[in-house]
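Heads up: the structure comes next, in structure tokens.
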Amino acid sequence: MDCELTPKLLPGKILEVTDLGVKVTLKGRMGIIQVPLRSVITDKSLQVGQEIRVYLSYIQVV
Amino acid sequence: MSITVETAEQHYNDPAVLCCLRQKGTVISASDLEDPAIFPDLEESGLLKLSEDSLTIGQVLGSTLDQDADAMTPLTPKLVSHFAEKKTEESGKITTSLSAAAASGLNNSVIRFSINELKGQIEIPAGFDPSVLPFTIPSAPKLEPEDQIIRTLTQREFDVQEVRIGAETSFQDKVLTIREGLCTESLKADPLVKDAELDIIPPDQRHVYSNTIMDVIPIATKTEGILGEGTTHVMRGAVVILTGVDELGVQVHEFGSCEGYLDEKIRFGRPGSPDPDDIMIRIHVTVQENTGMERRGPFAAHKACDYIIQEIREALKKAPAEACVKEDVYHDYKKTGKPRVVLVKEIMGQGAMHDNVILPTEPAGVKGGRRNVDLGNVPVVLSPNEVRDGGIHALTCIGPATKEVTRHYFREPLVNLMAEDNEINLVGVIFIGSPQVNDEKSYVSARLGALAEALDVEGAIVTTEGFGNNHIDFAENIEQIGRRGIKVVGASYCAYQGQLVVGNKYMDAMIELNKDKDGFENEILADSTLCPSDAKRALLMLKTKMAGVPIEPANRNWSQDVIDANQQFIQ
């Protein structure tokens, strides 16, 4: 199927911080993402409740 | 890429731009020109600059290129010769002034025709004033068939001023009492339900924390007849809200949960949400651990909730008719001679809470209904009265602001508006599920097209709750209807976050349901769902399209100004 997937700047919040990575929830309840710490760019030390922004689109199965 | 002759005709008055390198002496045809539909993209990326003296496609077809020119070059009078002059608007105007003959008093003269085959002659006075004809014209009887009533539904509303917990469930003198042990008993409804609690939230004490709102359910019951006809009793001033977690404390609808303070998490007064003065009866259900994201978990919570509501319904059945504060009578009509239209409501069908119970025994109930996922998500037709009588119990998809809860279907603004409109004949409301996988989506969409064809409708409005992969079905549903020559209007939340990922040429009349200023799914229950004002815009858009009036193309990006401007037409 020919879909036009354009990334949108979605805000979200940090739900959990571990020594390995962070878990974030996306605004609009579009899901929860868990990523390693090296995928996060920040000037502050990571804390639960901090607001984040991420470019995201849909997942297309290939 | 070059365009076809057909596309060139559609864009006759749009600027002409070369699609590829062309040499001096080329006689310009459609195959030398770029598609104007992509000009906004080209301009945005700096590849194209249109000037004021650009010629239109209509002007350049058949003209000759005077010098070699690159792709993306707008054609101007300097570059081509033998182009057509632009037609001024005046030349195409139709004048409505009196003809010279009429003005000079020729009305009373006679035009005479000789007829060879017949003997004699016919005289027709010029101007066709029937009063001077040598005979009288029998006046044709006016044939305006009356609307035929197919079925009638009476809804009696009963005020609720207080809700209490007590020893027996009863409803008397506007006071609803709910039996204390009812919640414990409701666990019998499904073994997955581990706990159920109930509390009362008066309108002035809404700043209370709540787990995610899974549904908003009206309290209504049949006292006579089946769903869609006979008599229904409805409570006014009290509504049930269902909330849920699993045994580990994980919110049911985790992805679409809207836990938080009730006064902040609900847009009160929307068709689906509690009204500003409603007493909320909160039923909180705990389901077995890790079943909140499976199909069986949320359904078990709805079953337990329905068990509790059923006992309240039994008390409401006994309410004396004379105690009702309002009586509404709804008809399903057969309107001969009016354009046949259909309303298509796309509902979620991906599984778990993305499911709906269709046609339960009691209004907005669970028991006796069939779920659209079990039915393979194929289109199912309900009469307008069946919808207004609680024919849909939503298990309620994720995305709080855009999901349609059970109360939304009970008070669906488009159903009411289209059913009561005197210019159209709403033949039915089609509910079609949105499956997960694309080939299943195509299968059900094709059945929708066949159904619309069999119903012989001239117009259709297609709506969808939520956003995401259901927009793929949304586009396909519109296409399947549109390609059969049926005029179709779409209504959905899209805005910024939910922009459509697919489209087709039949999606030229769309209604945006967004109410968030930044265009986000803002996690406030029912905020960006279909409201009466959206319904009016959608119906006017459909009537406009059916009348053959061209719809202006949409802006490239979501803009509230367009919605505000269109809103003025219905005020």
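General observations
- Where strands (runs of 3 or more DSSP E) fall entirely within the stretch B:196-250, those with at least 2 residues that are within 13 Å of B:Ile283 (Cα to Cα) are at B:213-217, B:238-246.
- Scanning the stretch B:206-222 for residues that are farther than 12 Å from B:Ala364 by Cα, of a type in the set (A, V, I, L, M) and either open to solvent by less than 20 Å² (accessible area, probe 1.4 Å) or under 23 Å from the mean Cα position of the chain (by Cα) (or both) yields B:Ile213, B:Met214.
- Condition met for B:Arg556 (at pLDDT below 90, touching a helix residue (DSSP H, G or I) at 6+ places or on another chain (Cβ under 7 Å) and over 30 Å from B:Asp275 (Cα atoms)): yes
- In the stretch B:515-530, the residues that are open to solvent by 10 Å² or more (accessible area, probe 1.4 Å) and over 16 Å from B:Asp215 (Cα atoms): B:Lys515, B:Asp516, B:Lys517, B:Asp518, B:Phe520, B:Asn522
- Subset of the stretch B:531-571 (residues that are in a loop (DSSP other than H, G, I, E, B), touching a residue at least 24 places away in the same chain (Cβ under 8 Å) and over 30 Å from A:Leu9 (Cβ atoms)): B:Ile551
- Scan of the stretch B:471-497 for residues that are within 20 Å of B:Ile432 (Cα to Cα), part of a loop (DSSP other than H, G, I, E, B) and within 14 Å of chain A (Cβ to nearest Cβ), ordered by number: B:Tyr493, B:Cys494
- B:Ser528 vs. criteria among the small types (Gly, Ala, Ser), touching a residue at least 12 places away in the same chain (Cβ under 8 Å), within 20 Å of B:Ile347 (Cβ to Cβ) and assigned by TED's automatic domain parsing to the domain that holds B:Leu417: yes
- Selection within the stretch B:278-316 - open to solvent by 40 Å² or more (accessible area, probe 1.4 Å), touching a strand residue (DSSP E or B) at 6+ places or on another chain (Cβ under 8 Å) and either in the same structural domain as B:Gly390 (by TED's automatic domain parsing) or under 24 Å from B:Ile201 (Cα atoms) (or both): B:Lys303, B:Glu311, B:Glu314
- Within the stretch A:1-23, being open to solvent by 50 Å² or more (accessible area, probe 1.4 Å), of a type outside the set (Ser, Thr, Tyr) and within 17 Å of B:Gly468 (Cα to Cα) holds for A:Met1, A:Asp2, A:Glu4, A:Leu5, A:Pro7.
- Selection from the stretch B:332-349 of residues that are in a loop (DSSP other than H, G, I, E, B) and either touching a Ser or Thr at 6+ places or on another chain (Cβ under 6 Å) or buried (at least 20 other Cβ atoms within 10 Å of the Cβ) (or both): B:Gly349
- The stretch A:24-52, subset more than 12 Å from chain B (Cβ to nearest Cβ) and in a strand (DSSP E or B), residue most open to solvent (accessible area, probe 1.4 Å): A:Glu51
Conditions (1) within 14 Å of chain A (Cβ to nearest Cβ); (2) modelled with pLDDT under 95; (3) surrounded by 24 or more Cβ atoms within 10 Å (Cβ to Cβ), marked per residue:
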{"position": "B:Glu224", "(1), (2), (3)": "no, no, no"}
{"position": "B:Thr231", "(1), (2), (3)": "no, no, no"}
{"position": "B:His253", "(1), (2), (3)": "yes, yes, yes"}
{"position": "B:Gly256", "(1), (2), (3)": "yes, yes, yes"}
{"position": "B:Gly260", "(1), (2), (3)": "yes, yes, no"}
{"position": "B:Gly272", "(1), (2), (3)": "no, no, yes"}
{"position": "B:Pro276", "(1), (2), (3)": "no, no, no"}
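- The stretch B:221-245, residues that are of a type outside the set (A, V, I, L, M) and in contact with a helix residue (DSSP H, G or I) (Cβ under 7 Å, 6 or more places away or on another chain): B:Thr221, B:Thr223, B:Gly228, B:Glu229, B:His233, B:Gly244
- Here the condition is being in contact (Cβ under 8 Å) with a residue 12 or more places away in the chain and open to solvent by 40 Å² or more (accessible area, probe 1.4 Å); of B:Glu453, B:Glu404, it holds for B:Glu453 alone.
The values are calculated or read from the model by the stated rules, or taken from the named source; none is laboratory data. Every value quoted in this text rests on a predicted model; they were computed, and no experiment measured them. No Cβ is skipped: glycine too gets one built from the backbone with ideal geometry, and neighbour counts run over all protein chains shown. The area values use the complete protein model at the heavy-atom level, side chains included, leaving out ligands, DNA and RNA. Shrake-Rupley method; radii C 1.70, N 1.55, O 1.52, S 1.80 Å.
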